[in-house]
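The next block holds one structure in the form of structure tokens; read it before the comments.
The values are calculated or read from the model by the stated rules, or taken from the named source; none is laboratory data. In this text the structure is predicted, and so the values were computed from the model without any measurement. Cβ: placed from backbone, ideal geometry, glycine included. Neighbour counts: every protein chain shown.
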Amino acid sequence: MKSILQCFIFVWICFISILPPALAQTNAQNVFVSAVDQDLAIKSIVLVPPTDNVGGIYAKPVEEELRNLLNEDKQWSLSPMPADLKVKPELLDERPEDVQKILKSARSEAALATKIIRGPRGMSITMTLFVGREGFPLLQEALSEYKGFETAEVRGEVKRLFENLKSRMPFRATILSRRGQQVTLNLGSNYGLKPESRVSVVQIIKINRHPKLKIMVSTEKEVLGRVKLFKVEPHLSFGYVEMEKDPGIITVGSKVMPDEFVKYSVPVTTPSGKVLQDVSTRPDKEVAFGEDPQEWLPTMPPQYGKIDLLAGIGNYTQNASLPTESISGSNTLAPNIMVRGEMWLSPEWYVGLVLRQSVFSISNDLTGSAPSSLNLGIGQYGVGLGYNFLMTNDFFGPKIQISGGYLNTKFSVDDSNPTAFTTMSYSGLVFSVAGQVPLSEETPVDIGGKLDFFYNPTVSESKTSGSSSSSSINAFSFFFDYKLRTRFKIRGEILIENYNSSFSGTGERTASSASHKMTTLLGGVQYLF
């Protein structure tokens with residue numbers, strides 16, 4: 001009996017010794033697998049039907065694109081979405097119990113949901129990966145205010161979001177098989193691996209989540225060992241275990257991370273070998289920072305408004321049709337100064353202000369009238385409320401401005417005997433349309449124009465030209481801005497104006513019509529604050 005028992009024990013030991021190491025250590029290995037690591041063992045994924053707010057125009061092609069990507073994926077297999085589940089895909093991030101239903105019914109470890117919203121500022125796409133027994137989102141990728149609308153372009157953006165999402169997984173591959181020291185993993189040259197590459201085998205022991213959104217912020221890993229590759233295919237690699245924490249701890253399903261380390265430049269050291277941490281003690285500090293180094297601070301972008309300070313010369317002509325003759329006075333070098341500003345109430349709304357002054361002389365061509373030269377001054381002021389239509393997300397990019405307000409322009413002239421010209425003041429409501437656009441991203445120059453429309457302007461005179469009058473005003477301008485610094489620009493502008501009045505009946509100085517024409521070339525500085 002004793003010899004039979006000894007023989008049985010000998011046979012059992014021989015049987016255990018010839019078992020593959022992976023089978024002989026199964027019970028020991030299970031101890032090392034954390035619940036978090038098990039949750040991340042994704043073999044299949046269910047595609048939740050994408051949703052949009054435009055009747056499925058984008059949802060259907062996006063679903064087709066994602067289905068193609070998942071079918072081509074070599075690590076995850078696509079599971080069908082259960083048709084009998086009554087869940088709202090757009091609310092999955094708020095209802096983890098619905099995610100649990102989907103994963104349980106589909107017998108899958110992960111679910112991918114995509115939500116598309118088309119709004120006035122563009123399209124937003126949110127892609128969320130749900131993993132784990134709790135039904136919480138693991139990763140999320142989002143695209144905001146996307147201006148494209150073509151289906152092919154949207155599919156391209158969805159593909160990019162999917163690739164970004166998968167690249168943020170806390171591991172890159174898993175061990176598919178192990179026999180002795182030899183292992184196979186589902187990652188290959190498509191990720192940049194090559195023979196002689198080394199990869200780390202890790203276990204995820206904790207996921208740190210956002211307190212509100214529940215998405216993964218970071219993970220805590222435990223390094224189990226390292227594998228050196230000897231054969232690499234596009235989607236598979238073969239290697240052998242170089243080292244591991246315990247015998248057999250690296251097994252089927254273990255997570256793999258290619259060795260990715262933070263690289264630093266060669267440090268500056270003292271002759272004794274000590275690394276210099278403080279840059280101010282480096283021997284090359286004067287070369288790098290100058291004799292009087294100052295702390296660099298970024299310039300805050302303008303956020304309150306802007307002021308234009310402009311000066312220039314203009315070609316001015318005034319005409320008047322009197323009962324006896326038509327007269328004209330002009331000056332080809334009329335000096336002008338202008339102050340113009342905007343106060344930004346918001347990125348869209350602003351308040352505008354303009355002040356302008358000009359003083360020069362014109363000839364008096366009226367027969368028998370004295371003096372022969374008359375001093376003339378132009379004063380202008382206006383205020384308005386405007387709205388910016390931004391063409392992009394950049395406030396300083398291309399935009400269209402629409403504004404409305406009040407404008408007064410006064411032409412003050414010396415008295416003459418008999419009266420040749422009268423002081424005339426034009427006022428009324430003005431509506432403006434302006435636009436500007438940068439020439440290119442490389443050239444810091446904006447070009448634009450402005451057109452003013454006057455609603456029923458009125459004219460008043462120092463001496464009436466008739467018992468009734470009607471007036472019209474035309475004004476438009478072209479400009480360019482050259483950006484010197486964040487807060488300073490050089491502005492050049494050409495302003496063309498035409499003021500016309502027609503009179504009927506008799507007055508203190510009877511005239512049938514009068515007009516003022518100005519073409520002004522301005523230049524100056526624009527300050528943004």
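Of all the numbered requirements in (1) surrounded by fewer than 14 Cβ atoms within 10 Å (Cβ to Cβ); (2) not in a loop (DSSP other than H, G, I, E, B), V433 misses one, and that requirement is (1). Out of all the residues in the range 436-453, is one or more part of a strand (DSSP E or B), in contact (Cβ under 8 Å) with a residue 40 or more places away in the chain and of a type in the set (F, W, Y)? No, that holds for no residue. For the range 170-195, the set of residues classified as without any contact (Cβ under 8 Å) to a residue 40 or more places away in the chain and of a type in the set (A, V, I, L, M, F, W, C) is empty. The single condition among (1) surrounded by fewer than 18 Cβ atoms within 10 Å (Cβ to Cβ); (2) within 21 Å of K74 (Cα to Cα); (3) under 34 Å from the mean Cα position of the chain (by Cα) that L138 does not meet is (1). Here is a check on your reading of the model: is V252 buried (at least 20 other Cβ atoms within 10 Å of the Cβ) and modelled with pLDDT of 90 or more? When the stated conditions are applied, V252 does not pass them.
One residue alone among S177, S167, S108 is of a type in the set (S, T, Y), out of contact with any Cys (no Cβ under 9 Å at 6 or more places or on another chain), surrounded by fewer than 17 Cβ atoms within 10 Å (Cβ to Cβ) and at pLDDT 90 or above, and that residue is S177.
Looking across the range 47-70 at every residue that is closer than 18 Å to L91 by Cβ and over 27 Å from the mean Cα position of the chain (by Cα), the one that is surrounded by the most Cβ atoms within 10 Å (Cβ to Cβ) is identified as V48. Taking (1) surrounded by 13 or more Cβ atoms within 10 Å (Cβ to Cβ); (2) acidic (D, E); (3) assigned to a loop (DSSP other than H, G, I, E, B) in turn, E222 satisfies each apart from (3). Being in contact with an Asp or Glu (Cβ under 8 Å, 6 or more places away or on another chain) and surrounded by 18 or more Cβ atoms within 10 Å (Cβ to Cβ) is the filter; apply it to the range 481-508 and report the residue that is farthest from P347 (Cα to Cα). Among those that are in contact with an Asp or Glu (Cβ under 8 Å, 6 or more places away or on another chain) and surrounded by 18 or more Cβ atoms within 10 Å (Cβ to Cβ), it is R491.
Flag: S79 does not match the condition of being of a type in the set (S, T, Y) and under 30 Å from the mean Cα position of the chain (by Cα). Contact map, the range 33-61: residues that are without any contact (Cβ under 8 Å) to a residue 60 or more places away in the chain and assigned to a helix (DSSP H, G or I) paired with residues that are surrounded by 18 or more Cβ atoms within 10 Å (Cβ to Cβ) and polar (S, T, N, Q), Cβ distance under 9 Å, separation 6+ or inter-chain. Pairs shown: A59/T51; A59/T114.
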